[in-house]
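Peer 1: Take a look at the following structure, please.
The values are calculated or read from the model by the stated rules, or taken from the named source; none is laboratory data. What you see is a predicted model, and the numbers here were worked out from it, not measured in a lab. As a convention, Cβ positions derive from the backbone with ideal geometry for all residues, glycine included, and neighbour counts pool all protein chains shown. When the accessible area is computed, the model is the full protein with side chains, heavy atoms only, and any ligands, DNA or RNA have been set aside. Shrake-Rupley method; radii C 1.70, N 1.55, O 1.52, S 1.80 Å.
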Amino acid sequence: MEEQTHSPAGGGCRVVDLRSDTVAHPSQAMKEAMMTAPLGDDVFGEDPTVNALQEKVAAMLGKEAGLFVPSGTMANLICVLHHCQHRGSEVLLGHLSHIHLCEQGGIAQVGGVHPRTLKNLPDGTFSLAELRQKVRGENDMWPVTALVCVESTHNMVGGKVLSLAWLDELGATCRELGLPLHMDGARLFNAATVLQLPASRLVQDCSTVNICLSKGLGAPVGSVIAGSADFIRSARRLRRVLGGAMRQAGILAAAGIYALDRFETTLDRDHRNLQDVARAVVECESEVVKCDPEGAHTNILLLECDPKVMTPGHLCQRMGQVSEEEAKATGQRVVVRILPFTEYAARLVVHCDITTEDIKSVIKKLKYVIKEFNSQTVIASVP
């Protein structure tokens, strides 16, 4: 087989960035909304745009009040700290949850809160029987179970939407156990779009909720937490000590309002675009790179790799290169940026910056690269 040379991005290559939906840029219309937003000092509660965003999110989630914060990590931390005001309190949460894996252990590091994990199942849920078993009883040797956390859509299992029936059963279980329930709903509106339900229906049993404006919704910064009025009073104090109080924050909040006014159309398009990519991968009939279209509920696709042939890192590296042979065969010079995600999978995420033409280019490149790896595997297997 003739050796192929791959050159890195640059030199006239077009870049399609699918590493995350956080890489999206504000549209011109969103920027105009930001620049024309009425402003005030939010520490005094006087920024009208921040107030409008908080009221809007609270209404959409069926809660009494909301609070704008800089990030989803801070949002989750505030919620956990509110529910676990005694050091040594314990939180039950999925072992693949974002709070547990991707927030630097902040609940323990900052709050002295003990995490106890429940095994996440492939659909992002966990066993409610295991939940019952892990709730601590009265014993001076044990921490006190104070909170249950759940995540939808679930990032680490590929953006899956937790079923409404399971959420309802979880809510009933938590009520029976006397435990509050927190929803890490960073991409909650993706779930609401798939289920064709108001977001409030998905979190009706949750005492507190976090939604992220800078992920699927496409705003540049920020999250909003929602819950009771008493909770939000507590959350404002916690936001302050964590350094999250901002002044004329309406310039950022305006982007969130703009995004929320349009999320149904935007997210539905992202989900359909992702399914086009997933079907193209399946059409390759490859044992080297595979995916599960039915399991790709929203805007996240996990590309499963056979690490004996090609690691996720190798796939990402190749998708970031363009060979002369590829340019001639495909008629394009396109670099597609995706992310090594686990030992066996790479992740790509469709977002609001991605056009139909981008998707066509991504599909063309993926098919070429998968075919390239397939042919190398066949040749390597010939004695």
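Peer 1: Reported to two decimal places, what Rg/Rh ratio describes the chain when computed on Cα atoms with Rh from the Kirkwood expression?
Peer 2: 1.01
Peer 1: Distance between Cα centroids, segment 259-329 to segment 147-213: provide it in whole Å.
Peer 2: The two parts, judged by their Cα centres, are 26 Å apart.
Peer 1: Using the crude model of +1 on Lys and Arg Cβ and -1 on Asp and Glu Cβ, and no other charge, please compute the dipole size for segment 138-198 relative to its Cα centre, in debye to 20.
Peer 2: The calculation lands at about 360 debye.
Peer 1: Which pairs break 32 Å Cα to Cα here: Lys119/Lys371; Lys215/Lys290; Lys31/Lys328; Lys63/Lys160; Lys119/Lys360? Walk me through the intermediate numbers first.
Peer 2: Working: Lys119/Lys371 36 Å; Lys215/Lys290 25 Å; Lys31/Lys328 39 Å; Lys63/Lys160 24 Å; Lys119/Lys360 38 Å.
Beyond 32 Å: Lys119/Lys371; Lys31/Lys328; Lys119/Lys360.
Peer 1: How much accessible surface does Glu325 have with a 1.4 Å probe, in Å² rounded to 10?
Peer 2: Glu325 has an accessible surface of roughly 60 Å² with all protein chains in place.
Peer 1: If you roll a 1.4 angstrom probe over the protein chains with everything in place, what fraction of the accessible area of segment 1-150 belongs to carbon and sulfur, to the nearest %?
Peer 2: Looking at segment 1-150 in its full context, I get 53 percent from C and S.
Peer 1: Using a 1.4 angstrom probe on heavy atoms only, work out the carbon and sulfur share of the accessible area of segment 195-263 in %. Present the calculation step by step, with values, prior to reporting the outcome.
Peer 2: Working: 1320 of 2660 Å².
Roughly 50 percent, rounded to a whole number.
Peer 1: By accessible area of protein heavy atoms, probe 1.4 Å, what ranking do Asp123, Asp358, Asp42 get, highest first?
Peer 2: On the way: Asp123 70, Asp358 25, Asp42 0 Å².
From most accessible down to least: Asp123, Asp358, Asp42.
Peer 1: Hey, another quick one. Compute the helix-to-body angle for 48-61: its Cα long axis versus the longest principal axis of the chain, expressed 0 to 90° and rounded to tens.
Peer 2: So the inclination is approximately 80 degrees.
Peer 1: Need one word for segment 47-90: rounded, prolate or oblate. Basis is the Cα gyration tensor (sqrt eigenvalues a ≥ b ≥ c); a/c below 1.5 gives rounded, then a/b vs b/c decides. Could you put the intermediate results ahead of the total?
Peer 2: Numbers: a/c = 3.04, a/b = 2.07, b/c = 1.47.
Prolate is the answer for segment 47-90, as a/c is 1.5 or above and a/b outweighs b/c.
Peer 1: Within the accessible area of segment 264-383, what % is carbon and sulfur when the probe is 1.4 Å and the other protein chains stay in place?
Peer 2: Details: 2900 of 5660 Å².
Roughly 51 percent of what the probe reaches on segment 264-383 is carbon or sulfur.
Peer 1: Rounded if a/c is under 1.5, else prolate if a/b is larger than b/c, else oblate: which is segment 89-137, with a ≥ b ≥ c the root eigenvalues of its Cα gyration tensor?
Peer 2: Numbers: a/c = 4.32, a/b = 1.28, b/c = 3.38.
Because a/c hits 1.5 or more and a/b fails to exceed b/c, segment 89-137 counts as oblate.
Peer 1: Which shape class applies to segment 136-194: rounded if a/c is under 1.5, otherwise prolate when a/b exceeds b/c and oblate if not, where a ≥ b ≥ c are the square roots of the Cα gyration tensor eigenvalues?
Peer 2: Values: a/c = 3.29, a/b = 2.09, b/c = 1.57.
Because a/c hits 1.5 or more and a/b exceeds b/c, segment 136-194 counts as prolate.
Peer 1: Tell me the per residue accessible area of the chain using a 1.4 Å probe; a whole number in Å² is fine.
Peer 2: The answer is 44 Å² per residue.
Peer 1: Have a look at the DSSP beta bridges in the chain and tell me what percent are antiparallel, nearest 5.
Peer 2: Here the antiparallel bridges make up roughly 50 percent for the chain.
Peer 1: Near Leu101, within a Cβ-to-Cβ distance under 13 Å, what is the net charge of the other residues, with Lys and Arg +1 and Asp and Glu -1?
Peer 2: Every neighbour counted, the sum reads -3.
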